[in-house]
Amino acid sequence: MKKPAADRILMFLKMRGEATSLLIAKELSITKEGARKHLLNLAEAGLIEPTMKSEGVGRPSTYYTLTDKGLAQFPDTHAEVTVQLLQSVKNLLGENALDLLITDREKNTYERYEKAISKTKTLEQRLEVLAEARSKEGYMAEWKKEGKEYFLIENHCPICAAATECQGFCRAELSNFQSLIGSEYTVERVDHIISGGQRCVYKISQ
(Lines give C-alpha, C1' and ligand atoms only; values in the text may rest on other atoms or scores of the structure.)
Protein backbone atom coordinates (compact mmCIF):
# COMPACT_ATOMS: atom_id res chain seq x y z
CA MET A 1 0.00 0.00 0.00
CA LYS A 2 1.31 3.43 -0.93
CA LYS A 3 2.12 5.62 2.06
CA PRO A 4 0.29 8.95 2.54
CA ALA A 5 1.98 11.98 0.98
CA ALA A 6 2.81 13.47 4.39
CA ASP A 7 4.67 10.32 5.43
CA ARG A 8 6.55 10.23 2.13
CA ILE A 9 7.57 13.88 2.58
CA LEU A 10 8.91 13.15 6.07
CA MET A 11 10.81 10.14 4.73
CA PHE A 12 12.24 12.18 1.84
CA LEU A 13 13.41 14.94 4.19
CA LYS A 14 14.94 12.35 6.49
CA MET A 15 16.89 10.93 3.54
CA ARG A 16 17.85 14.25 1.95
CA GLY A 17 18.25 16.46 5.01
CA GLU A 18 16.54 19.39 3.31
CA ALA A 19 14.53 20.09 0.16
CA THR A 20 12.47 22.77 -1.58
CA SER A 21 8.77 22.41 -2.32
CA LEU A 22 9.61 22.01 -6.03
CA LEU A 23 11.99 19.13 -5.36
CA ILE A 24 9.43 17.49 -3.06
CA ALA A 25 6.70 17.89 -5.70
CA LYS A 26 8.91 16.15 -8.28
CA GLU A 27 9.79 13.35 -5.86
CA LEU A 28 6.13 12.69 -4.99
CA SER A 29 4.88 13.30 -8.56
CA ILE A 30 2.38 15.90 -7.37
CA THR A 31 1.80 19.56 -8.20
CA LYS A 32 3.84 22.26 -6.52
CA GLU A 33 0.65 23.61 -4.98
CA GLY A 34 -0.16 20.17 -3.57
CA ALA A 35 3.33 19.90 -2.09
CA ARG A 36 2.98 23.33 -0.50
CA LYS A 37 -0.32 22.33 1.11
CA HIS A 38 1.22 19.22 2.65
CA LEU A 39 4.28 21.21 3.78
CA LEU A 40 2.07 23.84 5.41
CA ASN A 41 0.17 21.13 7.32
CA LEU A 42 3.40 19.48 8.44
CA ALA A 43 4.82 22.84 9.54
CA GLU A 44 1.66 23.62 11.53
CA ALA A 45 2.02 20.21 13.21
CA GLY A 46 5.56 21.15 14.20
CA LEU A 47 7.15 18.33 12.18
CA ILE A 48 9.10 20.48 9.72
CA GLU A 49 10.42 24.03 9.55
CA PRO A 50 11.31 26.34 6.65
CA THR A 51 14.68 28.00 6.16
CA MET A 52 15.43 30.73 3.63
CA LYS A 53 18.63 30.32 1.61
CA SER A 54 20.14 32.80 -0.80
CA GLU A 55 21.39 31.13 -3.96
CA GLY A 56 22.94 33.98 -5.90
CA VAL A 57 20.83 36.30 -8.02
CA GLY A 58 17.09 36.34 -7.39
CA ARG A 59 14.84 35.64 -4.47
CA PRO A 60 16.02 33.33 -1.68
CA SER A 61 14.76 29.75 -1.84
CA THR A 62 12.78 28.11 0.94
CA TYR A 63 14.16 24.80 2.17
CA TYR A 64 12.34 22.49 4.56
CA THR A 65 13.97 20.36 7.25
CA LEU A 66 12.70 18.08 9.98
CA THR A 67 12.28 19.48 13.48
CA ASP A 68 13.12 17.43 16.57
CA LYS A 69 9.48 16.41 16.63
CA GLY A 70 9.75 15.35 13.00
CA LEU A 71 12.92 13.37 13.66
CA ALA A 72 11.09 11.61 16.49
CA GLN A 73 8.88 9.99 13.84
CA PHE A 74 11.91 7.76 13.15
CA PRO A 75 12.41 6.39 16.66
CA ASP A 76 15.43 4.85 18.29
CA THR A 77 15.00 1.10 18.80
CA HIS A 78 13.93 0.38 22.40
CA ALA A 79 15.91 3.45 23.42
CA GLU A 80 15.02 3.79 27.09
CA VAL A 81 15.43 0.10 27.93
CA THR A 82 18.74 -0.09 26.03
CA VAL A 83 20.20 2.91 27.86
CA GLN A 84 19.09 1.53 31.22
CA LEU A 85 20.75 -1.81 30.48
CA LEU A 86 24.00 -0.12 29.45
CA GLN A 87 23.99 1.98 32.60
CA SER A 88 23.37 -1.14 34.71
CA VAL A 89 26.26 -3.02 33.06
CA LYS A 90 28.56 -0.05 33.69
CA ASN A 91 27.42 0.44 37.30
CA LEU A 92 27.42 -3.23 38.31
CA LEU A 93 30.29 -4.66 36.27
CA GLY A 94 32.39 -1.67 35.26
CA GLU A 95 33.62 -0.06 32.05
CA ASN A 96 35.63 -3.14 31.10
CA ALA A 97 32.49 -5.27 30.97
CA LEU A 98 30.85 -2.69 28.73
CA ASP A 99 33.88 -2.75 26.42
CA LEU A 100 33.69 -6.55 26.26
CA LEU A 101 29.99 -6.35 25.38
CA ILE A 102 30.69 -3.92 22.54
CA THR A 103 33.65 -5.97 21.30
CA ASP A 104 31.49 -9.09 21.16
CA ARG A 105 28.77 -7.23 19.26
CA GLU A 106 31.39 -5.83 16.88
CA LYS A 107 32.76 -9.33 16.23
CA ASN A 108 29.33 -10.82 15.55
CA THR A 109 28.38 -7.94 13.27
CA TYR A 110 31.65 -8.20 11.35
CA GLU A 111 31.21 -11.94 10.78
CA ARG A 112 27.66 -11.43 9.51
CA TYR A 113 28.66 -8.67 7.09
CA GLU A 114 31.81 -10.47 5.97
CA LYS A 115 29.72 -13.47 4.96
CA ALA A 116 27.33 -11.18 3.06
CA ILE A 117 30.13 -9.54 1.02
CA SER A 118 32.20 -12.71 0.54
CA LYS A 119 31.19 -13.06 -3.11
CA THR A 120 31.64 -9.41 -4.08
CA LYS A 121 34.56 -8.44 -6.29
CA THR A 122 34.44 -4.64 -6.41
CA LEU A 123 34.16 -1.83 -3.89
CA GLU A 124 30.83 -0.78 -5.37
CA GLN A 125 29.43 -4.28 -4.91
CA ARG A 126 30.63 -4.31 -1.30
CA LEU A 127 28.99 -0.95 -0.64
CA GLU A 128 25.74 -2.11 -2.24
CA VAL A 129 25.60 -5.20 -0.01
CA LEU A 130 26.54 -3.23 3.10
CA ALA A 131 23.95 -0.52 2.40
CA GLU A 132 21.26 -3.15 1.90
CA ALA A 133 22.22 -4.97 5.11
CA ARG A 134 22.30 -1.75 7.12
CA SER A 135 18.95 -0.63 5.71
CA LYS A 136 17.35 -3.89 6.84
CA GLU A 137 18.60 -3.04 10.34
CA GLY A 138 16.97 0.39 10.26
CA TYR A 139 19.87 2.63 9.23
CA MET A 140 18.25 3.83 5.96
CA ALA A 141 21.62 3.38 4.26
CA GLU A 142 22.75 4.25 0.74
CA TRP A 143 26.01 4.89 -1.06
CA LYS A 144 27.21 7.24 -3.77
CA LYS A 145 30.34 8.16 -5.67
CA GLU A 146 31.67 11.70 -6.03
CA GLY A 147 34.77 11.99 -8.18
CA LYS A 148 37.21 9.37 -6.96
CA GLU A 149 35.67 9.10 -3.51
CA TYR A 150 32.84 6.93 -2.28
CA PHE A 151 30.41 7.67 0.54
CA LEU A 152 28.42 5.24 2.67
CA ILE A 153 25.51 7.22 4.11
CA GLU A 154 23.27 6.25 7.02
CA ASN A 155 20.24 8.52 7.20
CA HIS A 156 19.00 7.13 10.50
CA CYS A 157 20.53 5.54 13.58
CA PRO A 158 18.21 3.02 15.25
CA ILE A 159 20.61 2.74 18.22
CA CYS A 160 21.20 6.47 18.64
CA ALA A 161 20.36 6.53 22.35
CA ALA A 162 22.71 3.61 23.03
CA ALA A 163 25.47 5.20 20.94
CA THR A 164 25.03 8.50 22.77
CA GLU A 165 25.30 6.73 26.11
CA CYS A 166 28.35 4.75 24.98
CA GLN A 167 30.27 5.95 21.93
CA GLY A 168 32.12 2.64 21.80
CA PHE A 169 29.32 1.51 19.47
CA CYS A 170 30.34 4.17 16.95
CA ARG A 171 34.03 3.34 17.22
CA ALA A 172 33.23 -0.33 16.66
CA GLU A 173 31.16 0.40 13.55
CA LEU A 174 33.90 2.55 12.02
CA SER A 175 36.42 -0.22 12.74
CA ASN A 176 34.15 -2.80 11.12
CA PHE A 177 33.66 -0.72 7.99
CA GLN A 178 37.40 -0.21 7.64
CA SER A 179 38.03 -3.96 7.89
CA LEU A 180 35.19 -4.85 5.53
CA ILE A 181 36.09 -2.26 2.88
CA GLY A 182 39.73 -3.33 2.92
CA SER A 183 43.17 -2.00 3.87
CA GLU A 184 43.70 -0.52 0.40
CA TYR A 185 41.09 2.12 1.28
CA THR A 186 40.80 4.67 4.07
CA VAL A 187 37.40 4.91 5.76
CA GLU A 188 36.69 8.18 7.58
CA ARG A 189 33.50 9.32 9.32
CA VAL A 190 32.85 12.85 8.06
CA ASP A 191 29.39 13.42 9.56
CA HIS A 192 27.94 12.01 12.76
CA ILE A 193 24.36 12.00 14.03
CA ILE A 194 25.22 12.02 17.73
CA SER A 195 27.58 14.96 17.17
CA GLY A 196 24.74 17.03 15.74
CA GLY A 197 24.78 15.89 12.11
CA GLN A 198 21.63 14.91 10.26
CA ARG A 199 23.16 11.59 9.24
CA CYS A 200 26.30 9.48 9.57
CA VAL A 201 28.53 9.66 6.50
CA TYR A 202 31.62 7.55 5.87
CA LYS A 203 34.09 8.68 3.19
CA ILE A 204 36.03 5.92 1.43
CA SER A 205 39.15 6.95 -0.46
CA GLN A 206 42.48 5.52 -1.60
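The values are calculated or read from the model by the stated rules, or taken from the named source; none is laboratory data. Keep in mind that this is a model prediction, so the values were computed, not measured. Virtual Cβ from ideal backbone geometry, glycine too; neighbours counted across all protein chains shown. Heavy atoms of the whole protein, side chains included, go into the accessibility calculation; ligands, DNA and RNA do not. Shrake-Rupley method; radii C 1.70, N 1.55, O 1.52, S 1.80 Å.
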Per the C-alpha gyration tensor (a ≥ b ≥ c, the square roots of its eigenvalues), region 77-205 is rounded if a/c is under 1.5, else prolate if a/b beats b/c, else oblate; here it's prolate
Taking only Cα atoms, what is the 0 to 90° angle, nearest 10, from helix 5-16's long axis to the longest principal axis of the chain? 60
So if each residue of separation counts as 0.36 nm, and I subtract the Cα-Cα distance between E149 and R36, what length gain in nm does that give? 37.1 nm
Highest GNM mean-square fluctuation among K144, K53, K14, for the chain with Cα springs under 10 Å, belongs to K53
If one compares the long axis through the Cα atoms of helix 168-181 with the longest principal axis of the Cα atoms of the chain, the angle in degrees, nearest 10, works out at 90
Want the number for E18 to L85: 0.36 nm per residue separation, take away the alpha-carbon distance, what's left? 20.6 nm
Dipole size in debye (nearest 20) for region 77-205 around its Cα centre, Lys and Arg Cβ +1, Asp and Glu Cβ -1? 300
Helix 95-117 versus the longest principal axis of the chain: what is the Cα-based angle in degrees, 0 to 90, to the nearest 10? 70
Net charge near G46: determine it from the other residues with C-beta under 10 Å of the C-beta of G46, scoring Lys and Arg +1 and Asp and Glu -1. -2
With a 1.4 Å probe and all protein chains left in place, how much of the accessible area of region 5-72 comes from carbon and sulfur atoms, in whole percent? 53
Under 16 Å Cα to Cα from K145, which lysines show up? Leave out anything in the same chain fewer than 8 places away. K203
Could you name the lysines in cross-link range of K3, using Cα to Cα under 23 Å and dropping any fewer than eight places away on the same chain? K14, K26, K32, K37, K69, K136
